[in-house]
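**Student:** Encoded as structure tokens, here's the structure I'll be asking about.
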Amino acid sequence: MTISVESDLKDILLKFDQKLDNLSQTFEQKLDRLDQKIDEVKEDMSEVKISIAELKKDNQRLEEKIENTNKKIDTTAQILEDKIENTNQKIDTTAQILEDKIENTNKKIDTTAKSLENKIDATNKNLTDNLQNLGKRVDNSEFINRGIFIGLILTVLGGFAKFIGLIGNS
């Protein structure tokens, strides 16, 4: 029995050894596959790291461009604000000058209007006086013309009476 136990034990140990070998081979195969997958993941990770680095560089470039663009916009906005302020000052100055000129022109017009009113009043007074004097002259002229006309009629009547003989030649 010892031999049979030994033999059985040898068989069992052999089987056990074979199973261990099989397990070892399976384990090594799985380990190899795991190593391959880890290598693939490492490659993918390195690609991702490279992509992330490129994205960071692109992001940094974009941020710099945005910052430069913002600076340009701020500078342009400031220049425009300055130009608008200068233009507003020029407009205010021009408006003030125009208001002054309009005020001076209105004063000149008022002065000229008063002067013309005074001249018109003086001319009207002179014309009224001249018309009154002319009326007096016309009245005198009529009186004289009537006297001359009456004298002319009397002379014609006297000549006609003498011609007819009503008045004698003495």
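**Student:** Within the bounds of the stretch 1-18, is there any residue that is at pLDDT 90 or above, of a type outside the set (Lys, Arg) and out of contact with any Cys (no Cβ under 9 Å at 6 or more places or on another chain)? Full working, then the answer.
**Tutor:** The initial filter retains those residues of the stretch 1-18 that are at pLDDT 90 or above, namely none.
Checking the stretch 1-18: not a single residue is at pLDDT 90 or above, of a type outside the set (Lys, Arg) and out of contact with any Cys (no Cβ under 9 Å at 6 or more places or on another chain).
**Student:** Here is a follow-up. Would it be correct to say that residue 60 is assigned to a helix (DSSP H, G or I), of a type outside the set (Ser, Thr, Tyr) and over 60 Å from the mean Cα position of the chain (by Cα)? Write out each step before concluding.
**Tutor:** Values: assigned to a helix (DSSP H, G or I): yes; of a type outside the set (Ser, Thr, Tyr): yes; over 60 Å from the mean Cα position of the chain (by Cα): no.
So residue 60 fails the test.
**Student:** If we scan the stretch 36-51, do we find a residue that is surrounded by 10 or more Cβ atoms within 10 Å (Cβ to Cβ), modelled with pLDDT of 90 or more and either at negative phi or not charged (D, E, K, R) (or both)?
**Tutor:** From the stretch 36-51, those surrounded by 10 or more Cβ atoms within 10 Å (Cβ to Cβ) are 36-51; that's our starting set.
Of the ones still in play, those that are also modelled with pLDDT of 90 or more are 36.
The next check asks that each one be either at negative phi or not charged (D, E, K, R) (or both); those that pass are 36.
There is at least one residue in the stretch 36-51 that is surrounded by 10 or more Cβ atoms within 10 Å (Cβ to Cβ), modelled with pLDDT of 90 or more and either at negative phi or not charged (D, E, K, R) (or both).
The values are calculated or read from the model by the stated rules, or taken from the named source; none is laboratory data. Everything numeric here is computed off the predicted structure, so don't read it as measured data. Heads up, the Cβs are rebuilt from the backbone with ideal geometry, glycines too, and the neighbour counts pull from every protein chain shown.
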